[in-house]
Amino acid sequence: MSCKTLSCLLLLISSYAILGFKIPSIDFEMLEEQGFEVSIPDEPGIQRVFYMLQVDDTCPALMDYITEAVNGSWVSRQKMSLQNNDKLQISLLVQFNEEIFEKSETKVILNKRLLTTRDFSSRSISFPSGEGECQAFLAPQQQTKRCKPAQTIVSNGRRACQGELIFEDNFSEAQLNKSTWKHDIRQRMYHVEEELVAFDDAVRNSFVKEGELHIVPIVASEVTEGSFKLGDRCTAVESPDQECNIAQGSFYSIKPPVFSAQIHTRDSFSFKFGKIVVRAKLPKGDWLFPYLMLQPVSTYAETHYAKQLRIAYARGNAFLRTKKGEDISGSHLYGGGVVWHHGNAVQFLKDKVSKTHYGDGFHNYTMIWQRDKITLMVDEEVYGELYDGLPFFNEKCFIIFGVTVGGFLNFDDSILEKDVKPYKNREPRAALSFWQHRDAWAPTWGRQSAMIIDYVRVYAE
């Protein structure tokens, strides 16, 4: 790497610095015959420090990349001995709370003591244009890559480099990381039935096992005895009276026939524009529906009829056709956007039909969200590009994973033949009808009814 190249690199990175943080003064110490060291004191928020040191404008330049503070300081120790009248130029980049700050100082040595210091704060680093190019020594594992700014904006507002991994969960811990993921806890059968499920945080409905997240829908043991109350655990935002409780003895209401889980990153991570990859095995079973999606931060995971970017979905049914004969079973994959307008859904979708159910194995589901286009992929194959509906998604979105049952939009009565479904969406006793016909759908459920997620990764785009 030449000094000229490094200068351009540092200029590019430092251009993202913002005001509000001042790099502390650089401390300098001679180490007799052992060289010298430079350091800055640690402060909360400093994440890493990059030093470049040059003596008397000569080459090679010395570079050091420090990833952790030692005894309260970010220290670079060098074995080069300094002589009288040596001029040491110190340039450093400091990553502070995801932003980059730059500082340069020049120190002159007289009788092995510091004579003068010139401090240049927040400026670019310049190098002499002498003969040839100055080669800077840097260990291979410390080499930095040129950052091409991405359009992606992360939760805290910072900018990222194109291709940078900005979020990842491999579910390698023994339990779900509760600082990253929060559970949606409420029942979904309010007003006329919307979805025939209650989301809960019970271990039986969501757990991590052998590096994979399992979201498991479970049929209730009974639905009529007693009332259903979630109490203070309920996360409902818009209709807590209806979503947190079901009164005993209601004519049209029963307790939820199915319990499942839905988790989200609203409080921990969101982004605007980027590439999200989810490796997952979708659930199999009649009337099951997976949620792998993004939702705007202006909403809550519990928001009724929220705008959604659906990364991918395939219905759980092994066999399901519309009145027109279209196959909408689990072998038919969809992805795209859903926008609710005056209570009605407007869908911007692309699809791909497979010979097998998407719940038969793991697949990589990818959505590349850009300003002017959304690209949908499965197993690295592009199956659709969307240009419509993007203005509806002009803010950061968070991640939602879940498995639900039924739903107005997921299984639309108007496109299915009469008596195909064991219930009608808008019937007052839809949940009861669904429950009473469980002998027809429950046998299609089993171990394959869990949605299993291997990992989720988000890259800047």
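Taking amide H as placed 1.01 Å from N in the peptide plane, the amide H of TYR190 sits under 5 Å from that of GLU195, each at least 5 places away or on another chain.
With a Förster radius of 45 Å applied to the C-beta separation of ARG447 and GLU427, the computed FRET efficiency comes to 0.90.
Computed from label points 7 Å out along Cα-Cβ, the spacing between VAL382 and ASP56 is 5.7 nm. Estimated from the Cβ-Cβ distance and a Förster radius of 22 angstrom, the FRET efficiency linking ALA202 and SER227 is about 0.75.
The trypsin sites (Lys or Arg not before Pro) found in the stretch 160-190 that occupy coil by DSSP, while having at most 13 further C-beta atoms within 10 Å, are LYS178. What you get for the stretch 165-459, charging only the Cβ of Lys and Arg (+1) and of Asp and Glu (-1), is a dipole of about 220 debye around the Cα centre.
For TYR383, the residues whose amide H sits under 5 Å from its own are LEU376, MET377, VAL378, ignoring neighbours fewer than 5 places away on the same chain, with H placed 1.01 Å from N. Between THR322 and VAL297, the modelled label-to-label distance comes to 3.7 nm, taking each label 7 Å out from Cα in the direction of the beta carbon. Of all aspartates and glutamates in the structure, those lying under 20 Å Cα to Cα from LYS22, and not within fewer than 8 positions of it along the same chain, are ASP42, GLU43, GLU68, GLU98, GLU99, GLU102, GLU105, ASP119. Each residue of the stretch 274-289 was assigned a 3J(HN,Hα) from its phi angle through the Karplus expression (A = 6.51, B = -1.76, C = 1.60, θ = phi - 60°), giving x, 10, 10, 10, 10, 9, 8, 10, 6, x, 10, x, 4, 6, 7, 9 Hz with x at Gly and Pro.
Our note on the geometry: Cα centres of the stretch 201-228 and the stretch 246-319, 14 Å apart. Across the stretch 207-274, the relative contact order, built from alpha-carbon pairs under 8 Å that are at least six residues apart, equals 37 percent. Axis of helix 3-14 versus longest Cα principal axis of the chain: the two differ by about 50°, to the nearest ten degrees. A full extension of the chain between ASN71 and GLN162 corresponds to an added length of 29.3 nm, given 0.36 nm per residue minus the alpha carbon distance. Compute for the chain: radius of gyration divided by Kirkwood radius, i.e. Rg/Rh, restricted to C-alpha atoms, rounded to two decimals. Expressed as Rg/Rh, it is 1.13. The mean sequence distance of close C-alpha pairs (under 8 Å, at least 6 residues apart), as a share of the length of the chain, puts its relative contact order at 16 percent. Of the residues ILE400, ILE66, LEU176, the one whose Cα sits farthest towards the positive end of the charge dipole of the chain is ILE400 (charges of +1 on Lys and Arg Cβ, -1 on Asp and Glu Cβ, taken about the Cα centre).
Extension gain for the segment LYS418 to GLN95, taken as residue separation times 0.36 nm less the Cα-Cα distance, is 110.1 nm to one decimal. If R0 is 22 Å, the Cβ-Cβ spacing of PHE408 and SER239 corresponds to a FRET efficiency of close to 0.90. Of the cross-linked pairs LYS275/LYS350; LYS178/LYS284; LYS323/LYS352; LYS182/LYS272; LYS182/LYS281; LYS324/LYS373, which ones have a Cα-Cα span greater than 23 Å in the structure shown? Pairs exceeding the cut-off: LYS178/LYS284; LYS324/LYS373.
In plain terms, the bigger the Kirkwood radius, the slower the diffusion; for the stretch 259-334, with that radius from Cα pairs, at 37 °C and 0.692 mPa s, Stokes-Einstein puts D at 229 µm²/s.
Here the stretch 33-84 is treated as an ellipsoid with the same Cα gyration tensor; its semi-axes, largest first and in whole Å, are 23, 13, 8.
FYI, it's all coordinate maths here, none of it is from the lab. Everything quoted here is computed from the prediction, not taken from an experiment. Glycine gets a Cβ as well: all are built from the backbone with ideal geometry, and neighbour counts include every protein chain shown.
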